[in-house]
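Asks: Below are the structure tokens for one structure; questions will follow.
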Amino acid sequence: MAETRHTKVLIVGSGPAGYTAGVYAARAMLSPILVQGIEPGGQLTTTTEVENYPSFVEVQGPELMMKMEEHARAMGTEVIGDIITELDTSKRPFTAKGDSGTIYTADAVILATGARAKWLGLDSEEAYKGFGVSACATCDGFFYRGQEIVVVGGGNTAVEEALFLTNFASKVTLIHRRDELRAEKILQDRLFKNEKIETLWFHELEEVVGEDNPKGVTGVKVKHTETGEISEIPAKGVFIAIGHAPANELVKDVLELHNGGYVKVTPGTTETSIPGIFAAGDLTDHKYRQAVTSAGMGCMAALDAERFLAEQE
Ligand code: FAD
Ligand code: NAP
């Protein structure tokens, strides 16, 4: 029979928002349960150096997330390796189903499910995913030692991935649809100074080109956004870095969303459209999407949950 666990506060997600909520909820004596999801530690486990998390001049993303997990556990958060597959918000206590079969009931829920990489949606991109097409340079860059690589996008992720990939690649071409990057100036400076990186402005990826035996990428067809001219670039690796979409699957039909799927909260709080359900981090933040802002919102969510529970008593 499925095990049922009751908690005052269920935290869904183990990124900076989830673990910080864990630290604060545990210190408020709420004995929180935190369910980690498919990516324990969240997005920062897919990167290398983090240079903008206060108190660390430089720290590796996975190390930072291990420290956050340790901190949440040390304060008394029960951290569980499970994935929430369903959340019933229609009555209290709220009920969440775990992929393990465990049922979690909770007086309040903090959603901190973050965001996931977006894809272009091309058939050829799908066909070569895992065979040369990737959305994670730190995971897959090592496979392209001495090879030519293309990166698509113009934000912080694209620029960081391009820079990181120069550790392995003989050449990196950054393909961007405009002639201006969205990335921070400090990253742009590093990009433009790096002799291994060429930037291809006003171009979009049209098709990933490859062969089947052995299956792998050989290049990309790109299209000029103004002239429509198609050209081909040789490449063994194609890294798509065009942003992230909020992981709202559990609540997209029940909570108010805005700005393309981000969970809407009352400004200045983490309160969602359902009392007792709180949202923090990239799931609710289309604007800043940083580790430190997510951690800040995790803190707010735990304090909001504590107040909500006190009012119920
Ligand atoms: P996430 O980190 O996205 O974590 C979401 C968590 O939710 C995961 O643990 C996942 O397993 C869990 N989850 C999802 N669905 C479920 C479910 N159904 N059940 C249970 N759990 C679930 N920010 C910076 O400040 N500095 C940087 O240098 C920096 N570098 C970055 C580099 C890369 C490559 C990327 C992609 C992002 C970077 N960011 C950086 C942004 C930063 O990682 C995010 O802003 C931050 O991780 C968001 O934290 P979060 O807690 O909201 O969610
Ligand atoms: P982002 O900032 O949303 O940038 C996405 C980029 O991809 C944009 O340049 C966009 O082009 C381009 N793009 C989007 N859709 C496209 C499409 N269909 N075809 C071609 N290009 C497309 O996403 P991100 O870079 O992943 O960053 C997400 C968040 O994480 C940001 O808040 C960022 O600051 C944060 N982050 C921070 C760090 C850091 O602090 N070091 C590192 C990584 C990420 P346009 O510019 O033309 O719109």
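The values are calculated or read from the model by the stated rules, or taken from the named source; none is laboratory data. This is a predicted model, so every value here is computed, not measured. Cβ placement follows ideal geometry from the backbone for every residue including glycine, while neighbour counts extend to all protein chains displayed. SASA here: full protein model, heavy atoms, side chains in, ligands and nucleic acids out. Shrake-Rupley method; radii C 1.70, N 1.55, O 1.52, S 1.80 Å.
Asks: What are the residues in region 50-84 that are open to solvent by 70 Å² or more (accessible area, probe 1.4 Å) and near ligand 1 (Cβ under 9 Å from one of its atoms), if any?
Replies: Across region 50-84, the qualifying residues are E51, N52.
Asks: How many residues are touching a strand residue (DSSP E or B) at 6+ places or on another chain (Cβ under 8 Å), free of Cβ contacts under 8 Å to residues at least 60 places away in the same chain and surrounded by fewer than 16 Cβ atoms within 10 Å (Cβ to Cβ) when one looks only at region 86-110?
Replies: Adding up the residues that qualify gives 2.
Asks: Counting residues that are within 23 Å of K91 (Cβ to Cβ), which strands (runs of 3 or more DSSP E) fully inside region 212-313 reach at least 1?
Replies: Correct list: 277-279.
Asks: May I pose another question? Return the residues of region 60-94 that are hydroxyl-bearing (S, T, Y) and under 17 Å from S31 (Cα atoms); say none if nothing qualifies.
Replies: T77
Asks: Within region 162-184, take every residue that is more than 22 Å from the chain's Cα centre (by Cα) and part of a strand (DSSP E or B) and give me the one that is nearest to ligand 2 (Cβ to nearest atom).
Replies: The extreme case among them is T173.
Asks: Looking only at region 247-290, filter to residues that are charged (D, E, K, R) and more than 16 Å from ligand 2 (Cβ to nearest atom); which one of those is nearest to A106 (Cα to Cα)?
Replies: So the residue we want is E271.
Asks: Do we find a residue being in a strand (DSSP E or B), in the same structural domain as I233 (by TED's automatic domain parsing) and within 16 Å of ligand 1 (Cβ to nearest atom) anywhere in region 135-150?
Replies: Yes, some residue in region 135-150 is in a strand (DSSP E or B), in the same structural domain as I233 (by TED's automatic domain parsing) and within 16 Å of ligand 1 (Cβ to nearest atom).
Asks: Kindly provide the set of residues from region 205-230 that are touching a residue at least 12 places away in the same chain (Cβ under 8 Å), over 14 Å from F131 (Cβ atoms) and surrounded by fewer than 14 Cβ atoms within 10 Å (Cβ to Cβ), ordered by number.
Replies: Once the filter is applied, which keeps residues that are touching a residue at least 12 places away in the same chain (Cβ under 8 Å), over 14 Å from F131 (Cβ atoms) and surrounded by fewer than 14 Cβ atoms within 10 Å (Cβ to Cβ), region 205-230 yields E226, I230.
Asks: Can you tell me which of T47, T113 is within 16 Å of ligand 2 (Cβ to nearest atom), modelled with pLDDT of 95 or more, open to solvent by 30 Å² or more (accessible area, probe 1.4 Å) and touching a helix residue (DSSP H, G or I) at 6+ places or on another chain (Cβ under 6 Å)?
Replies: Answer to the check: T113.
Asks: So which pairs qualify, if the first residue must be in region 134-149 and more than 22 Å from G243 (Cα to Cα), the second must be β-branched (V, I, T), the Cβ gap must be under 8 Å, and the two must be at least 6 apart or on different chains?
Replies: Qualifying pairs under 8 Å: E148/V172; E148/T173; E148/I233.
Asks: Against the condition modelled with pLDDT of 95 or more and within 20 Å of the chain's Cα centre (by Cα), how does V79 come out, does it pass?
Replies: Considered against the rule, which asks whether it is modelled with pLDDT of 95 or more and within 20 Å of the chain's Cα centre (by Cα), V79 comes out as yes.
Asks: Can I ask one more? Give F239, F308 a once-over and let me know the one that is aromatic (F, W, Y) and over 24 Å from the mean Cα position of the chain (by Cα).
Replies: Exactly one of F239, F308 is aromatic (F, W, Y) and over 24 Å from the mean Cα position of the chain (by Cα), namely F308.
Asks: Now for a different question. Looking at F202, F239, can you tell me which residue is of a type in the set (F, W, Y), within 16 Å of V151 (Cα to Cα) and crowded, with 17+ Cβ neighbours inside 10 Å?
Replies: F239
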